[in-house]
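Participant: My questions all concern the structure below.
The values are calculated or read from the model by the stated rules, or taken from the named source; none is laboratory data. Remember, predicted model here, so these are calculated numbers, not experimental data. Virtual Cβ from ideal backbone geometry, glycine too; neighbours counted across all protein chains shown.
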Amino acid sequence: MTEAERIVWELVRNRRLDGKKFLRQHKIIHENSFDSFQFFIADFYCAEEKLILEIDGKVHESQIEYDLWRTSVLNDLGLRVLRIKNEETILVEQVKEKIRQMFLKTHPPAPSLHEERG
């Protein structure tokens, strides 16, 4: 693992972030259009949230099109991808909040009793 990956792993391992289970270096398999199978390795994966965390280093600056295609394939499989740049990981609280925002997109908070019904 890179240092940035270690930082994020410490945030999410053992259900440390909101009780969500994350797996590290998880294989995502899909059937491509040629009736063969292809797989991707997700840096971190939460099945409950169908969320992949990708920790992006400098190499991703030169493979933008590939990353866009890969994200598109993963989205087509019903998965969401959150990309976190290596430099961002030093801001631990902000990284936690980014991940939590993705949780909210899956499970919006229930309306409060005080909200008007339309």
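Participant: Here is a list of conditions, (1) within 21 Å of residue 93 (Cα to Cα); (2) surrounded by fewer than 17 Cβ atoms within 10 Å (Cβ to Cβ); (3) not basic (Lys, Arg), and residue 31 meets all of them except one; can you say which number that is?
Facilitator: The number of the failed condition is (1).
Participant: Yes or no: the range 98-105 includes at least one residue that is touching a Lys or Arg at 6+ places or on another chain (Cβ under 8 Å), of a type in the set (A, V, I, L, M) and either farther than 20 Å from residue 15 by Cβ or modelled with pLDDT under 95 (or both).
Facilitator: Scanning the range 98-105 turns up at least one residue that is touching a Lys or Arg at 6+ places or on another chain (Cβ under 8 Å), of a type in the set (A, V, I, L, M) and either farther than 20 Å from residue 15 by Cβ or modelled with pLDDT under 95 (or both).
Participant: Say we look at the range 91-106 and pick out the residues that are under 17 Å from residue 48 (Cα atoms), in contact (Cβ under 8 Å) with a residue 24 or more places away in the chain and of a type in the set (A, V, I, L, M); which of these is surrounded by the most Cβ atoms within 10 Å (Cβ to Cβ)?
Facilitator: By that ranking, first place goes to 99.
Condition check ((1) surrounded by 16 or more Cβ atoms within 10 Å (Cβ to Cβ); (2) over 13 Å from the mean Cα position of the chain (by Cα)) across all residues:
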site: 47; (1), (2): no, no
site: 53; (1), (2): yes, no
site: 58; (1), (2): no, yes
site: 65; (1), (2): no, yes
site: 68; (1), (2): no, yes
site: 78; (1), (2): no, no
site: 83; (1), (2): no, no
site: 86; (1), (2): yes, yes
site: 89; (1), (2): yes, yes
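Participant: Are any residues in the range 67-90 of a type in the set (Asp, Glu) and at pLDDT 90 or above, and if so, which ones?
Facilitator: Within the range 67-90, 87, 88 qualify.
Participant: Does any residue in the range 4-18 that is closer than 12 Å to residue 95 by Cα and in contact (Cβ under 8 Å) with a residue 40 or more places away in the chain come within less than 6 Å, Cβ to Cβ, of a residue that is in a loop (DSSP other than H, G, I, E, B) and of a type outside the set (Gly, Ala, Ser) six or more places away or on a different chain, and which pairs are these?
Facilitator: 11/17; 12/22
Participant: Which count do you get for residues in the range 24-73 that are over 19 Å from residue 103 (Cα atoms) and charged (D, E, K, R)?
Facilitator: The qualifying residues number 9.
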